[in-house]
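The values are calculated or read from the model by the stated rules, or taken from the named source; none is laboratory data. These numbers come from a predicted model, not from an experiment. Cβ coordinates were reconstructed from backbone atoms using ideal geometry, including for glycine residues, and neighbour counts include every protein chain displayed.
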Amino acid sequence: MTTSDRTLRITEIFHSIQGESTWVGAPCTFVRLTGCPLRCVWCDTAYAFQGGERMTLDDVMARVGGFPAKVVEITGGEPLSQPASYELAGRLLAAGYTVLVETSGAIDVAPLDERVHKIMDLKCPGSGESHRNRWENLEHLTGRDEIKFVVRDRADYDWMRDTIRGRGLDRRVEEGTLRALLVSPVWDAIDLEHLAAWILEDALPVRFQVQLHKLIWGAERKGV
């Protein structure tokens, strides 16, 4: 089987405004892969757990090429649960795209091309999946990459703060060996003013982000 014949199960491919990460606000083409081995209690893309359309890499590249954006995010579900996702990232890079990969952090990121911008979760306890964090992945993150904490409550915030300090992630941001630490509140689950106050009180070197696409189109809209 040639590379072009390899297939991925795709939930959707669409053109939108990036709603999260340090790339927020940028026009972006999203390739949402189907399937995820995790079941975070606050997941907002459960519709991508099953179904989808089987597409070859050539088909995916052609669909992406139909949109004008030069930034492409491979997301899910959990995109790295499909081995051909690593090849897709490489082909997109070779075609001149800036490639973001958003991953749960539960699967090895080492095989990704070093030019990929990884946006990797560290799952807080409130997700119900913190035991799935693959801590070895921290060794494979660089100054191109970002770590995201999705925070549900004060207990999640405290866990995040202690993890940042205990694992030296704050120092890595200062040194430039991590691009950013992101704090993302679970939608409609935590008081934003309280979360901001905690961050300021602890002087954490993080970026507080909200999901811009939900502010624009609402929390239930797909394909945005």
Could you please give the count of residues in the range 63-88 that are outside any loop (DSSP other than H, G, I, E, B), more than 28 Å from ARG134 (Cα to Cα) and among the aliphatic types (A, V, I, L, M)? 1
Wholly within the range 5-62, which strands (runs of 3 or more DSSP E) include no fewer than the required count, namely at least 3 residues that are under 23 Å from ARG179 (Cα atoms)? 27-33
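Would you check if MET120 is part of a helix (DSSP H, G or I), on the phi < 0 side of the Ramachandran plot and among the aliphatic types (A, V, I, L, M)?
Details: part of a helix (DSSP H, G or I): no; on the phi < 0 side of the Ramachandran plot: yes; among the aliphatic types (A, V, I, L, M): yes.
For MET120, the condition - part of a helix (DSSP H, G or I), on the phi < 0 side of the Ramachandran plot and among the aliphatic types (A, V, I, L, M) - is not met.
Quick grid of which residues meet (1) in a strand (DSSP E or B); (2) touching a helix residue (DSSP H, G or I) at 6+ places or on another chain (Cβ under 7 Å); (3) surrounded by fewer than 19 Cβ atoms within 10 Å (Cβ to Cβ):
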{"residue": "GLU139", "(1), (2), (3)": "no, no, yes"}
{"residue": "PHE149", "(1), (2), (3)": "yes, yes, no"}
{"residue": "VAL173", "(1), (2), (3)": "no, no, no"}
{"residue": "ALA197", "(1), (2), (3)": "no, no, yes"}
{"residue": "VAL224", "(1), (2), (3)": "no, yes, yes"}
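Condition first: crowded, with 17+ Cβ neighbours inside 10 Å, among the aliphatic types (A, V, I, L, M), at pLDDT 95 or above and within 27 Å of LYS123 (Cα to Cα). Can you find one or more residues in the range 34-46 that meet it? Walk me through it before giving the result.
Start the filter on the range 34-46 by keeping residues that are crowded, with 17+ Cβ neighbours inside 10 Å, which leaves 34-36, 38, 40, 43.
From what is left, the residues that are among the aliphatic types (A, V, I, L, M) are 38.
With at pLDDT 95 or above added as a condition, the list becomes 38.
Retained after the next criterion (residues that are within 27 Å of LYS123 (Cα to Cα)): 38.
Yes, there is a match, as at least one residue in the range 34-46 is crowded, with 17+ Cβ neighbours inside 10 Å, among the aliphatic types (A, V, I, L, M), at pLDDT 95 or above and within 27 Å of LYS123 (Cα to Cα).
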Condition check: buried (at least 21 other Cβ atoms within 10 Å of the Cβ) and in contact with a strand residue (DSSP E or B) (Cβ under 7 Å, 6 or more places away or on another chain). Does THR11 satisfy that? yes
